[in-house]
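Structure record follows, encoded as C-alpha cells.
The values are calculated or read from the model by the stated rules, or taken from the named source; none is laboratory data. Just so it is clear, the structure is predicted and the values come from calculations on it, not from any experiment. Virtual Cβ from ideal backbone geometry, glycine too; neighbours counted across all protein chains shown.
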Amino acid sequence: MMARKLNTVPKSRSFPSLPTIFKSGFNPTLGDYNQCLLFLSRTKKFGAIILLVSQMLSNKLKVNSLTQTILTRALLRDQQIELAVVFAKTQIVKSCNSYYRTQILDSLVQGLSMTEPEKALSILRDCLKIGGITPSSCTVYSLLYRLCYRGMMDGATQVLKMMSDERMQHSFDNFLCNYVICAFVTVGKPGLALKFYDNAVNSGSLKPNVFTYTSLMSAYYRLDRISDGWSLVEIMGIDGLEPDTVFYSNWMYGYFREGKVHDALERYREMVEEGIELDVVSYTILIDGFSKEGFVEKGVGFLYKMRKDGLEPNLVTYTAVMKGLCKKGKLDEALSVLNVVENLGFELDEFPYAILIDGVCRDSDYHRAFELLDEMEKKGVKPGVVTYNAIINGLCKAGRTTEADDLSRGIVGDVITYTTLLHGYIQEGNFMGILETRRRLQTADVCLDVAICNVLIRGLFMMGLFEDVRSVYNGMQGSGLEANIITYSTMVDGYSNADQMDLALEIFDQFRKKDTSSAACHHCIIYWLCKKGFVDVAVEVLMELVERNIGLSATVNIMVIKTIFRDKGAEGVLELIQRLEHVVHDIYDLICNDAIIFLCKSGASEAAFYGLIKLKSKGSNVKCKTYYLILKALLHDGKICMSRQVLTIFIKRYGIFDVMVNKILVHFLCMDDVNRALSFLSKGSFPVEFPIAVLKTLTKHGQAFNAYRLITEARNSLPFMDVVDYSIVIDGLCKGGQIILALNLCDFAMSKGVTLNVVTYNSVIHALCRQGCLLEAFRLFDSLEKINIYPSVITFGTLIATLSRMGLVQDCMMLLERMLLKNIPLNIHIYNSIISGYIRLGEIQKAMDLFRDVEVKGLKPNEFTVSAVINGCCQKGDMEGALHLFAEFKEKKISPDFVGFMCLIRGLCAKGRMEESRCILREMLQNQHVISTLDRVEAETQAESVQSFVSLLCEQGSIHEAVNILNEVGCIYFPLEKEFTSLNISEKLKEPSDMKAFDSVEFKKSTLESKSCDEGKLEIDLGNAASLDTDIFHLENFDTYYSLIALHCSKGEFSQANILARSIMSSL
C-alpha cells in the first residue's frame, strides 16, 4: 500500500527503472542502494529519493532502518508531511526492533521540528504510548530548541514532563534546563526564559549554577532590566556561588547597551577589587562600550592596559576602536589603527574596511569610500554585502537612494540591503522606488526579518495599500516572525492615520496579549484616540498603563487630560482624579499634579482647587509648582478666600523662605490688601519684587488705583516694567475716571526711562474726551508729534467720535482731511461717527452723500453704518428710502443692529404701516445680534423667554406692545448718549471750524503735573472743593461733569458722586 502511495508522487525527474538496471547486468546490494540514497540526500534530490524507494518497495526489495530514515527525511523536505507521518508511523508499528523504531522516530521528529514543532510534539507524544520506543537526546534537544524558538513555552514544558517519565530514560539535569533558558535568550525571548527559570526552580528540576545566572543576566539586559542584576548577585551569594568573568562581562555589556557607562565602569572596578581576571572578551566589551558612547579615548586606555596585562587584542578589539574613532569623525586616526593591525600580521576581513567606509560615508566623502573599496580588492580582501551596505546606507541617508539602488543591483543583497533601500525611498516619498524594491525583494532569495517587514509596512501605509499591509502582517506570522513593538506601533499609527480606528484597535488588542514592558504602542493609540475624540477609550488605555505601571509619561497624561477637558470640561478631569484613587501613591501623585497644573493653565481655577483638596485628603505629595500655579490662577480670578486656604498650606509645607512661596505671598498680599503688601515689601529681610502679573489682575478687577500705588510706592521692590505694563495700568486709571493719576503715572514712567507710545496716550485722550475735557484732549493730541509720537487711526477716531457727538461735524471733516494728508488708512468706524454726527444735526443729505462716498472708496459698511443711515431716513420721514436701504443691505447679508431695527420699526408704526413693521420685527427676532441681546436679558433678569413673548405679540398683531418691551430692553443695553449741545463751545474751541485754533493750543507739562507723585497724595480729595479747581476741570456748567458723575454711579461709588455733585453745585 505504501508503495502505491509513493508511486502516485509526480515524477519531476526521469530515473532509470530497476528492471532497466538489472538488464544492464548490475545487481546492486542494499548497501549500494543506501549509498545512492545518501548521495541523493546530500545533493537535495528528494524527489529522486522518493521515486527510487518507491521502485524498491514495488519490486519487494528489502529495506533497513537507514533506508526508512532517508525516505522519511526526503518526504519531509519535499513538503509531503502527511505522507511522511503515515509512513513513519506504519514502520514503527510494524517493526519489533527498538533501535530501528527509534531511528525512524528521530528522523520524523527532528525533520518536523524544523517547520512544525507542535506536530512533532504531538507525534512524539503518540509514539511514546507504544512500548519499547525512546527518542534520542538529540531529538529531544532539537524539539526543545524549536519550541523555544517559536515561543511555545507550554510545549517545551510538556517535553520536560515527558523526559521525567521513566520510559524516556533521559536524565533531567541542570544542563537541559540551562539549555532551554539559554535557547529562549538566544532566540530573543528573554521574558519566556525568566518564566521557564521560575517554573524549573519551583518544580525542583533546576539547581541554578553560575551558567544559569549568566543566562539570566543576558535576559535582564535584553529586557532593559539590567539594574535587576543586583538581585542575581544576592541570590548567588546565598547559594554560595561567586560571579565569574563571563557573568561580569554580561553585566557590563548590559549596562553599555542602556548607555549607563558609569555603572559599567563600576562593575569593572568590582572585578578588580574581587580579584577576577579580565579576559580578551571582557576588555573588548569595555573598549567597544566606551567607544560606542563617544569615549573612544577611554577605550584606547583600556587597550593599552589590556596589553600591559599580557592579553593580546584580537581583530574584534581593534575593530571596536576603529568604530569609536569613526563615530567621532577621527577618520585619519582610524586609518592609522588599520595600518597597525596590518603590521601586526592580522588577516583582515571586510569588517574593518566596512567600518571605515561607513565612517567616510557619514562624512559624505563618497569618493574616498570607493577608493577604500578598490584598496580592499587590491589587498585581496573581497568586499561583501556588509561593505556594500555601508555605502548604500550612506547614499540613502544623503538622499541619493537611486544611486544606492543602482549599486545594489551589482551585488547579491541581504535583508539589510533591501531594508536600507526601502527606508531611503520612504524618506524621499518615492512610491515607484518602494514598489520596485518590494518586487526585487520578492524575487530575491532573502530570508525576511521583522525589521524589513516593519519598514515595508510603513511604506505600504504611506501609499495607502492597506490590503498589502495586512498581507505582509499576516505573512510574518506564517513565516514564524513575531511582531515586535515597532510592528504594532506602525500598524496602529497607519490605520489610525487612515481613519480606520476599528482596525487600529484590533491590532492594539493583539499587542495587549503580548508579554512586553514597552508602552510605545499604548502611547501611539492614546495619541490617535485623543486626536479622533474617543476620549473614553483613551482613558481606558491610560488606566491600563497605570495599572501595569509601565511607560507613564507626562506628555501622554496631559494629552488625555486635555482631551477630557475639551470633551467633558473640568468636571471630567475631576472624575479622572476620582477614578485614580485606588492606584499607588507615586502614580496617583504624578497624574493628579499634572491634572491640577493643566486646570490652572486652562482657567479652571476652582476645579483645580477641589482637585488639590482631593489630593491632600489622600496624603499625597503636592509639588511646589502645583501650589504656585493654583494660587496664581485663583488670584487671577479674584478668588481671595480660596487662595487664602491654599496659601496657608503652601507656607506650612515649603516655608516662607522658599522663592516661589515668597513670590506668591507678595502676589496674594497685593490682591488682598495693598497696604500690607507695601509693608511686607518694605520690611522684608531680603529684596522681593512683586509680580508684574498682579498689576494686570488688579486693573482687570477695577483696582487700577491699587496697581498705581504698588508702582509708585514699591521703591526697591519695583520690578522691571516696560511700556506695555505701564499702558495697562494707565488705561485702567483712565477707564476709572482717575485721569490725574494716569497723567502722574505717565510722568513716573518717563522718569524711569520708559518711552510711552501712542497706545498709552490714546487711553488718556479717550478718558479726557469721555469726561468732556476736549480742550485738554486736543492739547495732548497736538503735543504728540513734538515728542516723536505719531497719532494713529484710533487717536483720530476717538477725537472724531467726540466731536461728532458734540455736533462739530465740520471739525470732524477737517480731522478726516488731516488723516488723508498723513496717509493714515481710514476705516468704516471713522465714517460711522461722522455720518451719525450729520444725522444728529439733521443734515440727512450730507450723511447720505458721505455714505455713498464710503461705498465708492471700497469700504464695507457694517451694521452700525446701516443703522445710522436708516435712522437718518426715518428722521426725515422717508420710510421708503429706509426700507430700500434695509432690502439693499439684506441682499449683501448686512443687517442693522438692535438700535437700527428699532428706529425702522418705530418709524413704520408712526406712519401706521403696521404690517410692514411686523415683517421687520420678524426679521429682527431672527437676527443673531438681537437674539444675543435678548438672551442676556433672560440670563440677568432670570425672566421667561423675552424672545418667545415678543414673537407671540408679533404674531397676534400687538406690535405696539412688542415695541414697548423692546424699548425697555434698548433703554437698558443701548442708552442714548448724552448730547453735548449744552456745552459752552466757545470755551472748548474758540473757532471750531478754524484748524489754526488746534495749532494754537500748546500742551504744557504743567497740565500733567496737577499732582506730584512725591507728595504721597494719590487720590483726588473730593471733600475739598478747591481740589476741583484744576486746569483739567475748568468748565462751569453741570453738563460738563455729567459723564464723571455717571461713571461713579455705574461703579456703585454713590458717596463720591454725591460729594462731586455738591462741590460742583456750590461752585456754580
Legend entry - Cross-chain or 6+ apart pairs with Cβ under 7 Å, the stretch 845-865 first and closer than 22 Å to Phe898 by Cβ, then among the polar types (S, T, N, Q) and at pLDDT 85 or above: Phe864/Asn832; Thr865/Asn832
Legend entry - Flag for Ser282 being of a type in the set (Gly, Ala, Ser) and modelled with pLDDT under 90: no
Legend entry - Filter result for the condition that a residue is buried (at least 16 other Cβ atoms within 10 Å of the Cβ), at pLDDT 85 or above and within 27 Å of Glu916 (Cβ to Cβ), over Met819, Met814, Met879: Met879
Inset, instruction - Report yes if some residue within the stretch 435-451 is touching a helix residue (DSSP H, G or I) at 6+ places or on another chain (Cβ under 9 Å) and under 21 Å from Arg362 (Cβ atoms); otherwise report no. - result: yes
Inset, instruction - Hey, could you check the stretch 760-777 for residues that are out of contact with any Lys or Arg (no Cβ under 9 Å at 6 or more places or on another chain) and polar (S, T, N, Q) and say which is nearest to Ser792 (Cα to Cα)? - result: Asn762
Legend entry - Top-ranked residue in the stretch 511-526 [being assigned to a helix (DSSP H, G or I) and either touching a helix residue (DSSP H, G or I) at 6+ places or on another chain (Cβ under 6 Å) or modelled with pLDDT of 85 or more (or both); ranked as farthest from Ile486 (Cα to Cα)]: Ile526
Legend entry - Residues of the stretch 189-230 that turn out to be in a helix (DSSP H, G or I), charged (D, E, K, R) and under 21 Å from Lys514 (Cα atoms), as a count: 3
Inset, instruction - Determine whether the stretch 170-191 contains at least one residue that is surrounded by 22 or more Cβ atoms within 10 Å (Cβ to Cβ), touching a residue at least 12 places away in the same chain (Cβ under 8 Å) and farther than 17 Å from Tyr145 by Cβ. - result: no
Legend entry - Single residue of the stretch 959-975 satisfying the filter (among the β-branched types (Val, Ile, Thr) and surrounded by 14 or more Cβ atoms within 10 Å (Cβ to Cβ)) that is nearest to Glu915 (Cα to Cα): Ile959
Legend entry - Residue match in the stretch 866-880 (condition: touching an Asp or Glu at 6+ places or on another chain (Cβ under 6 Å) and touching a residue at least 24 places away in the same chain (Cβ under 8 Å)): yes
Legend entry - Residue satisfying condition, being within 22 Å of the chain's Cα centre (by Cα), exposed (fewer than 14 other Cβ atoms within 10 Å of the Cβ) and not in a loop (DSSP other than H, G, I, E, B), within set Glu581, Glu540: Glu540
Inset, instruction - Hey, could you check the stretch 764-801 for residues that are surrounded by fewer than 23 Cβ atoms within 10 Å (Cβ to Cβ) and hydroxyl-bearing (Ser, Thr, Tyr) and say which is nearest to Asp731 (Cα to Cα)? - result: Ser792
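One line per residue, one yes/no per condition, for (1) in contact with a Leu (Cβ under 9 Å, 6 or more places away or on another chain); (2) more than 16 Å from Gly410 (Cβ to Cβ):
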{"residue": "Asn339", "(1), (2)": "no, yes"}
{"residue": "Leu348", "(1), (2)": "yes, yes"}
{"residue": "Gly359", "(1), (2)": "yes, yes"}
{"residue": "Asp363", "(1), (2)": "yes, yes"}
{"residue": "Asp374", "(1), (2)": "no, no"}
{"residue": "Lys378", "(1), (2)": "no, yes"}
Legend entry - Unique match (being basic (Lys, Arg) and touching a Pro at 6+ places or on another chain (Cβ under 9 Å)) among Lys632, Lys623: Lys632
Inset, instruction - Tell me, yes or no, whether the stretch 210-228 has at least one residue that is within 39 Å of the chain's Cα centre (by Cα) and among the aromatic types (Phe, Trp, Tyr). - result: yes
Inset, instruction - Mind telling me which of the residues Ser205, Ser215 ends up being surrounded by 17 or more Cβ atoms within 10 Å (Cβ to Cβ), touching a helix residue (DSSP H, G or I) at 6+ places or on another chain (Cβ under 9 Å), polar (S, T, N, Q) and more than 17 Å from Arg257 (Cβ to Cβ)? - result: Ser205
Legend entry - Identity of the residue in the stretch 385-425, part of a helix (DSSP H, G or I) and of a type in the set (Gly, Ala, Ser), that ends up farthest from Arg368 (Cα to Cα): Gly424
Legend entry - The listed residue being part of a helix (DSSP H, G or I), out of contact with any His (no Cβ under 8 Å at 6 or more places or on another chain) and either more than 14 Å from Thr319 (Cβ to Cβ) or of a type in the set (Ser, Thr, Tyr) (or both), out of Ala369, Ala354, Ala334: Ala369
Inset, instruction - Go through the stretch 667-695 and give me each residue that's touching a Phe, Trp or Tyr at 6+ places or on another chain (Cβ under 8 Å), at pLDDT 75 or above and surrounded by 22 or more Cβ atoms within 10 Å (Cβ to Cβ). - result: His667, Cys670, Ala677
Inset, instruction - Answer yes or no as to whether Val321 is in contact with a helix residue (DSSP H, G or I) (Cβ under 7 Å, 6 or more places away or on another chain) and among the aliphatic types (A, V, I, L, M). - result: yes
Legend entry - Every residue from the stretch 236-282 that is in a helix (DSSP H, G or I) and over 42 Å from the mean Cα position of the chain (by Cα): Met236, Gly237, Ile238, Thr245, Val246, Glu270, Met271, Val272, Glu273, Glu274, Val280, Val281
Legend entry - Single residue of the stretch 546-561 satisfying the filter (under 11 Å from the mean Cα position of the chain (by Cα) and free of Cβ contacts under 8 Å to residues at least 40 places away in the same chain) that is surrounded by the fewest Cβ atoms within 10 Å (Cβ to Cβ): Thr555
Legend entry - Within the stretch 875-954, helices (runs of 4 or more DSSP H) holding 1 or more residues that are among the small types (Gly, Ala, Ser) and out of contact with any Leu (no Cβ under 9 Å at 6 or more places or on another chain): 879-891, 898-910, 928-941
Legend entry - Options Asp747, Asp731, Asp725: the member that is over 41 Å from the mean Cα position of the chain (by Cα) and in a helix (DSSP H, G or I): Asp747
Inset, instruction - Collect the residues in the stretch 893-919 that are free of Cβ contacts under 8 Å to residues at least 40 places away in the same chain and within 17 Å of Ala868 (Cβ to Cβ), keeping them in residue-number order. - result: Ile894, Ser895, Pro896, Asp897, Gly900, Phe901, Cys903, Leu904, Gly907
